[in-house]
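Written below as structure tokens is the structure these notes are about.
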Amino acid sequence: MTLKGLMGRQPLTVHTIFERLRTVHGDGEVVDACGRTTYAELAERVLRTLTALRELGVQPGDRVATFANNSAEHLLLYYAVPLTGAVLHMVNIRLYDDQVRYVVEHAGDMLLIADDDLLAQVGQLDLPCPTISMSDLATRAAGSAPGIPSEVDEDDACGICYTSGTTGMPKGVVYSHRATYLHAMAACMVDHLGLSQHERIMPVVPLFHACGWGLPYAAPFTGAELVFAGADTSPANLARIIETERVTWAAGVPTIWTQLLPLVESGAHDFSSLRTIGVGGAATPRPLMEAYDRAGIEILQIWGMTETTPLACTSRPRRRHGGLDAAGLREVRLRTGTIFAGLEARITAADGTVLPWDGITVGELECRGPWVATAYYDEPALDEKFHDGWLRTGDMAVMEHDGYFRIVDRSKDLVKSGGEWISSLELEAAIMAHPDIREAAVVGVRSKRWDERPVAVVVPANGHTPSLVQLREFLTHRVAKWWMPDELIVVDEVPRTSVGKFDKKAIREQLSHLELP
């Protein structure tokens, strides 16, 4: 007879994280543009908001949307909605109007809660559900008695977030309570994000993007405090907040930290409290990491997807890297890293064959685990993205012998020239090492002879722009000769998606008239 363990079976839910926030870490602090509040005070407002939501007709299983920037009020709903047994839908406020209408209708939202200053925008969308402002909900909650959280199963949905919709309409990813709890626990591990109650975290990543990278749950889980910049993510405001609030840990896409760098280097602000910047959404350019290393601030490369709840990997060096000097360790940190404990990763060929971990072979990265999606919400036509529990990420990667991996490109962004693959990500990184180039995006353009050739779209720096000849000379010995871009296009700004990534689909459309020899 099999011997069963004699352990408790308490469900893994957002309720458990909330109780820890309310009691163990009640003296922790949340700061935003409106002031500061303790976790205990926030928890009291959460319980009153339960009652207000129920009075508005919210029932277990209902979807409740938010249309808001980063704030304590938005954080409050990360707990209040799931504690009613309902499902929080964080709507990306940067989506196109037709995409917003689509995701609200597709999710079946019965109510949308919007920031007061976004009500006019919402009013123009003709949404299929009623809207209430954050301030009106807060007023209702203030006059309500504290509610009792609904009982839920750990496999019940607690959140739904839609992908950014770079191809077709956005796709819904439904998070369970169990997945959310396990993701928060894993994120806090030392070899992952390494969060603790001693951190003051500033998520510049929007709370409406990929569940705010899970920080609304991971931070209170350990007692780490949260500092929100709101809608104003200008370098001046971020510098002011970091200095005055003594932020120790921050998170956002590379563009944010590229724009902040001149203030870091100027010495005009005190950045001495800031130890770590979590960078995700795109690969960190080498010059950016080098610059922050000189400032004594660690950049931690993070990888994940909306489909992975969303964090799945960090680039912390391994034991075998211990003998490397600072430059060698930086090269390791610029790779993607090791999959989180609790998840599995592998690379596969186009026919599904599992490829070796030899540090050379390139294949599509797949991953699976208890906080990785196994299907999109109500999208049976997209089931080919998933098989046997594995998620096909669309990222092409090289896996080293111990699982440390490096993403070389998105499968759709690889440039196929003369039968050989060119990594747009690696070529971009090499181009951005040029001192007179601030940003660079590489796409493939039709070629009569080679099928495709790389074209570099760049934003100049320092008031200077290298010529194509000068750029190719700079790239000599940095990339293979046949990787050299055939065209250099100078722009004031590279097109971006709603979450700050280079919009290569838009770039390719803009260059669709080109055909190279």
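The values are calculated or read from the model by the stated rules, or taken from the named source; none is laboratory data. Everything numeric in this text was worked out from a predicted model, so none of it was measured. Methodologically, a virtual Cβ is constructed for each residue, glycine included, from the backbone with ideal geometry; neighbour enumeration extends over all protein chains shown.
Do you know which residues across the stretch 204-238 are of a type in the set (A, V, I, L, M) and either in the same structural domain as VAL30 (by TED's automatic domain parsing) or within 17 Å of THR314 (Cβ to Cβ) (or both)? Across the stretch 204-238, the qualifying residues are VAL205, ALA210, LEU215, ALA218, ALA219, ALA224.
Conditions (1) in the same structural domain as PRO370 (by TED's automatic domain parsing); (2) surrounded by 16 or more Cβ atoms within 10 Å (Cβ to Cβ); (3) touching a Gly at 6+ places or on another chain (Cβ under 8 Å), marked per residue:
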| site | (1), (2), (3) |
| --- | --- |
| ALA107 | no, yes, yes |
| LEU111 | no, yes, yes |
| ALA114 | no, yes, no |
| LEU119 | no, yes, no |
| ILE160 | no, yes, yes |
| GLY168 | no, no, no |
| VAL190 | no, no, no |
| LEU193 | no, yes, yes |
| GLU199 | no, yes, no |
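Given (1) surrounded by 15 or more Cβ atoms within 10 Å (Cβ to Cβ); (2) within 30 Å of ALA375 (Cα to Cα), where does MET484 come up short, assuming only one miss? Failed condition: (2). Scanning the stretch 277-300 for residues being closer than 17 Å to ALA187 by Cβ and part of a loop (DSSP other than H, G, I, E, B) gives a total of 2. Filtered by the rule that a residue be outside any helix (DSSP H, G or I) and of a type in the set (Phe, Trp, Tyr), the stretch 248-264 gives a lone residue, TRP249. With of a type in the set (A, V, I, L, M), part of a loop (DSSP other than H, G, I, E, B), farther than 28 Å from ARG496 by Cα and out of contact with any Pro (no Cβ under 6 Å at 6 or more places or on another chain) as the only criterion, which of VAL205, VAL190 stands out? It is VAL190. Residues that are touching a strand residue (DSSP E or B) at 6+ places or on another chain (Cβ under 7 Å), free of Cβ contacts under 8 Å to residues at least 60 places away in the same chain and of a type in the set (Gly, Ala, Ser) within the stretch 1-41 comprise just one, GLY26. Within the stretch 345-387, if we keep just the residues that are among the charged types (D, E, K, R) and in contact with a Lys or Arg (Cβ under 8 Å, 6 or more places away or on another chain), the residue that is surrounded by the fewest Cβ atoms within 10 Å (Cβ to Cβ) turns out to be GLU384.
Just one of the listed residues (SER467, SER512) is under 27 Å from TYR96 (Cβ atoms), over 29 Å from the mean Cα position of the chain (by Cα), at pLDDT 85 or above and among the small types (Gly, Ala, Ser), namely SER512.
Please work out if ALA141 is within 27 Å of ARG36 (Cα to Cα) and touching a Lys or Arg at 6+ places or on another chain (Cβ under 9 Å).
yes
Answer yes or no as to whether THR393 is closer than 25 Å to GLY159 by Cα, of a type outside the set (A, V, I, L, M, F, W, C) and surrounded by 16 or more Cβ atoms within 10 Å (Cβ to Cβ). For THR393, the condition - closer than 25 Å to GLY159 by Cα, of a type outside the set (A, V, I, L, M, F, W, C) and surrounded by 16 or more Cβ atoms within 10 Å (Cβ to Cβ) - is met.
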